[in-house]
1. Relative contact order for the chain: what is it in percent, counting Cα pairs under 8 Å that are at least 6 residues apart?
2. For each pair in LYS137/LYS408; LYS261/LYS408; LYS301/LYS412; LYS408/LYS441; LYS314/LYS412; LYS247/LYS301, compute the distance between the two Cα atoms and list the pairs where it is over 26 Å.
3. For the chain, what is the mean residue ellipticity at 222 nm derived from helices alone (per DSSP H run of n ≥ 4: -39500 (n - 2.57); sum divided by total residues; nearest 500 deg cm²/dmol)?
4. How big is the charge dipole of the stretch 387-460 about its Cα centre, in debye rounded to the nearest 20, if each Lys and Arg gets +1 on its Cβ and each Asp and Glu gets -1 on its Cβ?
5. Along the stretch 436-449, what does the Karplus equation 6.51 cos²θ - 1.76 cosθ + 1.60 (θ = phi - 60°) give for ³J(HN,Hα), rounded to whole Hz, x for Gly and Pro?
6. Principal axis extents for the stretch 268-375, Cα atoms only, whole Å, descending order, please.
7. Work out the FRET efficiency for LYS333 and ARG278 from their Cβ-Cβ distance, taking R0 = 30 Å, and round it to the nearest 0.05.
8. Just report the Cα centroid separation between the stretch 317-376 and the stretch 101-166, whole Å.
Amino acid sequence: MHLRNPLPQICRSVSFLGFLVIALALPSFVTGARAAEDQPPNFVFILVDDLGYGDLSSFGAPDLKTPNIDRLMAAGMRFDQFYANCPVCSPTRAALLSGRYPDMAGVPGVIRTRLPDRVTSWGKLSEDVVLLPQVLKPSGYHSAIVGKWHLGLDAPDRPTDRGFDFFHGFLGDMMDDYYTHLRHGQHYMRRNTEPVEPEGHATDIFTGWAIDYLNERAAAPETPFFLYLAYNAPHTPIQPPQDWLEKVQAREPGISEQRAKLVALIEHLDDGVGQVWRSLQDLGLAENTVIVFSSDNGGQKEVGARNDPLHGGKQEMWEGGIRVCTGVVWPGKIEPGQRTQQRAMTMDFYPTFAEIAGAKIEHEIDGRSLLPILLGEETEDDLERPMVWVRLEGGKKYGGLHYHAIRKGDFKLLRNTGYESYQLFNVARDPGEENPIPENKAPRVYNELFNLLTTHINHAGKVPWQRPDE
């Protein structure tokens, strides 16, 4: 009997079965790929503390090297006229997380440890404010803060009380020492609500904790995340690691000791930012992550900060106190090397992240989404948008009163204490704010800005900002 060779038939059967397996698997493969494409991006917001507008090498610092932050600025869109919502810490942080002007969120001043001899806290985060993690949660986001919180020391004002899934950081305003992490003798380091006592320089600790969080998120790639990384550097005390200080002193002959310490603290911070960015890349997260870098206010001149070419610094309504270095990186969406003169404020990232995430905002906010600007789309010119700054503070230096500023178009009205009159400037023509315009030379502009400002102050004055026990 003649037996046919069975091999061709077997091969055909195997080929058919292989094709069938591939065909059956293809829909799930395509669906998985499409799901990865459709997944909203992660967000990493890096907020540093008291960084001068001129204290990055990419922003003109002649004695300072910040290669990592410079690369971030060059990898996406740099904002040359970006403003913090206040010239001090807590209000800007409240604006970022609420999308509101800080005095509309109950934080017109600095929230501090309450001391027995005086009232020290000038803000109480409003209970009815909806924070950004709460908005992102319905879109599936896991939210974490690593680093400085500065919006409340006790329940119900801790991060995990207000919508964050995870907190690893410092509850308070500033540290009296970067190595002991104490403030007024109290230890505010926490993991969620539990006290922790890590060892080392605070910048290194926050960098390490941020990388730990990214490693955890990389293990759950189906869940988008929002990481708010809030360094307390380069806030006082100006306390860099000794080896970083020695490196600066060796490289910059003739530099003053004060300036050398600040430069070293900033360069050490830059190294931490670089480690976090490399971690995002190594974990395969960077391509689907929006990274924002900014500062909560300008640099403190008394400790050697450089805000050039702007006037003033931290705690002042001059440009040097409120204009801050800011950049946004979004691979595949923002072409590298973009720069914009569009004016924006910290609170604008709240609706921006929400729009990108597809999250709904069903309550009142003051911020405006920057998404059209980031995508380079045609958008209505927003340069005439009024922008307001308010700080409430006590003490003789500030007159125990509000001091404020408002900018609309090219004009800005400001005062820096409760004792002085308002001054009007054309910031476009006079960016150094050296030549105040007399009121009688521009009465229409002066009156328009003054009326807009006082209307805001009166409206915000209805919002409580003190704790019930104060």
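1. Numbers: 976 pairs, mean separation 108.5, N = 470.
The normalised contact order for the chain reaches 23 percent.
2. Details: LYS137/LYS408 35 Å; LYS261/LYS408 38 Å; LYS301/LYS412 22 Å; LYS408/LYS441 17 Å; LYS314/LYS412 18 Å; LYS247/LYS301 23 Å.
Pairs exceeding the cut-off: LYS137/LYS408; LYS261/LYS408.
3. Working: 11 runs with 143 residues, N = 470.
-9500 deg cm²/dmol, from helical runs alone.
4. Working: 10 positive and 8 negative charges, 24 e Å.
In total the dipole reaches around 120 debye.
5. x, 8, x, 4, 6, 8, 8, x, 5, 5, 4, 5, 4, 5
6. 42, 38, 24
7. Values: r = 21 Å, r/R0 = 0.70.
It comes to 0.90.
8. Comparing the Cα centres of the stretch 317-376 and the stretch 101-166, I get a distance of 21 Å.
None of the figures in this text is laboratory data; all of them are computed from the coordinates on show. In this text, all values refer to a predicted model and were calculated from it rather than measured experimentally. All Cβ positions, even for glycine, are placed from backbone atoms using ideal geometry, and neighbour counts span all protein chains on display.
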